[in-house]
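Below is one structure, written out as structure tokens; comments come after it.
The values are calculated or read from the model by the stated rules, or taken from the named source; none is laboratory data. This one's a predicted model, so the numbers in the text were calculated from it and none came from an experiment. Because the Cβ atoms are built from the backbone with ideal geometry, glycine has one as well, and the counts that use them run over all protein chains shown. The protein model used for the area step is the full one, side chains on, heavy atoms only, and it has no ligands, DNA or RNA in it. Shrake-Rupley method; radii C 1.70, N 1.55, O 1.52, S 1.80 Å.
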Number of protein chains: 2
Amino acid sequence: MAEPSTRTVERALQLLGSVCDAGFLTLADAARGTELSASTALRLLRTLESTGFVRKDDEGAYRPGLRIVQLGAQALSHESIISLAEPALDRIVEATGESAYVNVQAHHGPGGDHGLYIAMREGTHSVRHSSWVGRTVPMEGSASGAVLSGKTPQAGYVVVDRGVEADVTAIAAPIAVQTHAPDGTTTGTRVIAALSVVAPSYRMNPEKIRTIGELVAAEAHNVLTAYQQENQP
Amino acid sequence: MAEPSTRTVERALQLLGSVCDAGFLTLADAARGTELSASTALRLLRTLESTGFVRKDDEGAYRPGLRIVQLGAQALSHESIISLAEPALDRIVEATGESAYVNVQAHHGPGGDHGLYIAMREGTHSVRHSSWVGRTVPMEGSASGAVLSGKTPQAGYVVVDRGVEADVTAIAAPIAVQTHAPDGTTTGTRVIAALSVVAPSYRMNPEKIRTIGELVAAEAHNVLTAYQQENQP
DNA sequence: AATACACGTTTCAATAAGTGAAACGCAGTG
DNA sequence: CACTGCGTTTCACTTATTGAAACGTGTATT
């Protein structure tokens, strides 16, 4: 049995995704975006609406509903890596003034893998990078993407200048665990998340980048230690 | 046309909700919890899995997936009330040391209405109330519930001692807008959210409660002003 | 004004799609 | 060894989903 997916549900979830991506969507737009007939889109959106996953605003457009907010928040709170990483984020922000993030790998089938920002702490500089939580970035060409795919060089961190966004420099380090075969031998490493700093490029220079890079790598290691303590004893 | 809901989608969403509520669920548990046959539950969970809404962990149990995290975070970031309220939360925490929250009304059909915590700022006391984001509380017997249903007394805030949780006192104030008829006459008020402080009861006394209550009410009013500025000009 | 267009909505017949009982292999338990 | 519960697969039944078409309404276009 290869992939016995129920089409109806797939379509509904696609619709839900469209609405969340766009922030708000009219019925016709939603139908076009998902290539569904208006009647089908309407029926599915009504189902999503009656279950609280979307809602209709005053203008009659569909918006993300509170249920999705609730489930997302619950899911986030069950991601133990976030609570483990929060102290590290705080320390990074305190030391650098720049915004700091936690990323994980989000594996959606077609279109390639992406990285997903699941937590952040805002920097203190008045010009700062902000609010990427919930956003995905391509694995190619982003610092966190490189780190998540295991392409971290000796230095322990990756720097990408003007990768995803212009005028922005990203510095990322992996939180990686050793994987073991049943007999106990080490088989490789698995990156469970990445810690990253995203800052305006004009504020960076080689020295600062090295300082931040080493800090992020060190904090990533701290998070790893906390993670292992939670999962081993 | 009364309620043309698609059964398949409803079931899938129900399944998704179960998994998120429980944190992790085995197939059999999920099937029982939703009263579905094992084969149907399996098929739907597989669909949810292939779209990233749930995932199977190492033990083969279903857990909330990253897609739900992503959409939830996106939806949260589109809730403008949160960003408007964050400065107020900060100020409340700074002034009181207690955890502060934003609640909205989550209207799920059966089982009655509930309030939903959609944002919070942690208090600074070492003993503090923490991490209710994503959680729902009954409208009856909770301070934020009372406030959300419009039952705010003259004082402008509601206090509930040991309502939802033992040894916890909650103080809530409404963020309410006037509603108007087409002709411009005021028809009533609509509570769009609530601001609340949740603290260990042993730390409270009548005087402190009054201070906090007035602060929360004042900050709620600040948020309202910011909200109206954003939606009027 | 008259026309054309796009949107949200409803209806309905065709059939594609979802359903659950049953059967299977497996692992743990008494 | 028999027994129970789990995850999984298969398959015939039929129900629930589907999309074209038609409608009313409001908004551009002429």
Placing unit charges on C-beta atoms (Lys and Arg positive, Asp and Glu negative, everything else neutral), compute the dipole magnitude of the protein assembly as shown about its Cα centre in debye, rounded to 20. 620 debye
Distances from A:Glu207 to the same residue in each other copy, label points 7 Å out along Cα→Cβ, in nm, shortest first? 5.4
Given the protein chains as shown and a 1.4 Å probe, how many square angstrom of A:Phe53 are accessible, to the nearest 10? 0 Å²
Gain upon complete extension [A:Ser201, A:Thr225; 0.36 nm per residue less C-alpha separation]: 5.5 nm
Could you give the accessible area per residue of the range B:7-70, probe 1.4 Å, as a whole number in Å²? 43 Å²
What does the structure give for A:9-21 when I average, per residue, the other chain Cβ atoms found within 10 Å of the residue Cβ? 6
Run through the other copies and list how far each one's label point is from that of A:Gly23, in nm with one decimal, shortest first; the point sits 7 Å from Cα along Cα-Cβ. 3.5
With +1 on each Lys and Arg Cβ and -1 on each Asp and Glu Cβ, how big is the dipole of chain A about its Cα centre, in debye rounded to the nearest 20? 380 debye
For B:His78, the accessible surface traced by a 1.4 Å probe with all protein chains present amounts, in square angstrom to the nearest 10, to 90 Å²
If you line up the Cα atoms of the range A:7-70 on their principal axes, what length do they span on each, largest first, in Å? 27, 24, 19
Sort all Cα-Cα distances of the protein assembly as shown into consecutive 10 angstrom bins from zero, then give the percent of pairs in each bin up to the one containing the longest distance. 4, 18, 27, 27, 18, 5, 0, 0
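For chain A, count all C-alpha to C-alpha pairs, find those more than 23 Å apart, and express that count as a whole percent of the total.
Values: 15248 of 27028 pairs.
So the portion of pairs separated by more than 23 Å is 56 percent.
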Please report the residue of chain A with the smallest beta-carbon distance to the A-to-B rotation axis, and give that distance in Å, no decimals. A:Gly72, 1
I'd like to compare B:192-198, B:26-32, B:94-100: which one has the highest average count of other Cβ atoms within 10 Å, and what's the full order after that? B:192-198, B:94-100, B:26-32
Using a 10 Å cut-off on Cβ atoms, rank the peptides B:162-175, B:36-49 from the highest mean neighbour count down. B:162-175, B:36-49
Which value, in square angstrom to the nearest 100, describes the accessible area buried between chains B and A on both sides, using a 1.4 angstrom probe? 4200 Å²
